[in-house]
1. Could you list, in sequence order, all residues of the stretch 206-242 that are crowded, with 20+ Cβ neighbours inside 10 Å, among the small types (G, A, S) and either more than 26 Å from K2 (Cβ to Cβ) or touching a Lys or Arg at 6+ places or on another chain (Cβ under 6 Å) (or both)?
2. Restricting attention to the stretch 243-259, does a residue exist that is surrounded by fewer than 20 Cβ atoms within 10 Å (Cβ to Cβ), touching a strand residue (DSSP E or B) at 6+ places or on another chain (Cβ under 8 Å) and of a type in the set (S, T, N, Q)?
3. For L161, which of the numbered conditions (1) under 19 Å from K234 (Cα atoms); (2) in a helix (DSSP H, G or I); (3) modelled with pLDDT of 95 or more fails to hold?
4. Considering (1) farther than 17 Å from I36 by Cα; (2) of a type in the set (A, V, I, L, M); (3) buried (at least 21 other Cβ atoms within 10 Å of the Cβ), say which one L79 fails and leave the rest.
5. For E31, indicate whether it is over 26 Å from D290 (Cβ atoms), modelled with pLDDT of 95 or more, among the charged types (D, E, K, R) and out of contact with any Phe, Trp or Tyr (no Cβ under 6 Å at 6 or more places or on another chain).
6. Suppose the filter is within 24 Å of R293 (Cα to Cα) and either in a loop (DSSP other than H, G, I, E, B) or acidic (D, E) (or both); does P215 pass it?
7. Which residue out of T133, T118 is within 19 Å of R304 (Cα to Cα) and among the β-branched types (V, I, T)?
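The values are calculated or read from the model by the stated rules, or taken from the named source; none is laboratory data. Being a predicted model, the structure only gives us computed values, none of them experimental. Glycine gets a Cβ as well: all are built from the backbone with ideal geometry, and neighbour counts include every protein chain shown.
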Amino acid sequence: MKSYETSGSWTEYRDILATRFGIRIERRPAEIWRKIRGHDVHLDVWEPGEPAKGTLILVHGGGGNGRVLAPFADLAASLGWRALAPDLPGYGLTRPAPGYRGDYGEWPAVVAELADETEGPVVLMGLSVGGMTAAFAAEEAYRVDGVIATTLLDMGDPALLVRAARWRWLGWMSLLGFRLMPWIVDRLAMPVWLLAPMGVMSSDAGMKHFFARDPLLGKLWVRLRFFRSMHARKAARLAPRCPLLLVHPGADAWTPTELSRPAFDRVEGPKELVELGNGSHLPLERPAFDELRASISRFLGSIRHQRSSKTDELLPAQPDDITRDRQQTLRS
């Protein structure tokens, strides 16, 4: 079995976090594999040094993997929460199910199933496009107690997809291909660095370089079917049935706060927007990271309080449409 713990990639990333951002990660996660919807999903499991108050499931974006979210997993563990960081199908060390063709719909489905298998309070936290994935998963899951997102990017919006692409012309060409030649687009694959502007992932030159050349990040080849199916999933409304906190980096040169506003405004139910004082797309800079920690701590505390104050712990009835979605087999 492959492992992050023995890889040079993890060693380099941990050193960059410590030397460039002052974020020292002393904990070591357990690496496990779990069969979910036919995928052999790799999971980093971060345990607190005390009985866990709940579980935070971290959801990476289209240019990352579960181990990239180590600073946020370690943060959760320091707050007394267990953290799970899966590699979603097509990314990281996860082995996709036979016949998996890169459909984005598997991402929220896998996260939802993982949440439903987890005992106690469960909160989802997504970064980059993982924010919208977390919101979709909260809609599909039978129960999720809260959602945290650093961005809410509705990639079903053509204008936003163009803005998020590395080059505007590439975004427009992609839209044209999605519409006119989907059967050809689905067969193509490209490295992440060619599709996304990795140079604005971080404000730090060392981190930019790491993301651009790491084989499981910038150099990972991704099927364009993944992005076509992501674009096909429209977010006309978001109803996660739980509180949502959008804690957006204030200096995100890739996807500024204005791009998350439309989806945030369509969220039905309790919601809050906090814009950090600074922070790039991966908000590790100070004081953004400290502000992020404070917001997460407050939100998790409120979720814990709400759970402990309930007198009836019976789960709500499962809507028929959600049940049908969760029982479906892999898309052909």
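1. S229
2. yes
3. Single failed check for L161: (3).
4. Here L79 meets the rest and fails (3).
5. Judged against the criteria, E31 is a match.
6. no
7. T118
Residues are listed down the side, and each one gets a yes or a no for (1) over 24 Å from G199 (Cβ atoms); (2) part of a loop (DSSP other than H, G, I, E, B); (3) among the basic types (K, R):
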residue	(1), (2), (3)
K2	yes, yes, yes
R28	yes, yes, yes
R34	yes, no, yes
P51	yes, yes, no
I57	yes, no, no
L69	no, no, no
Y91	no, yes, no
A97	yes, yes, no
Y100	yes, yes, no
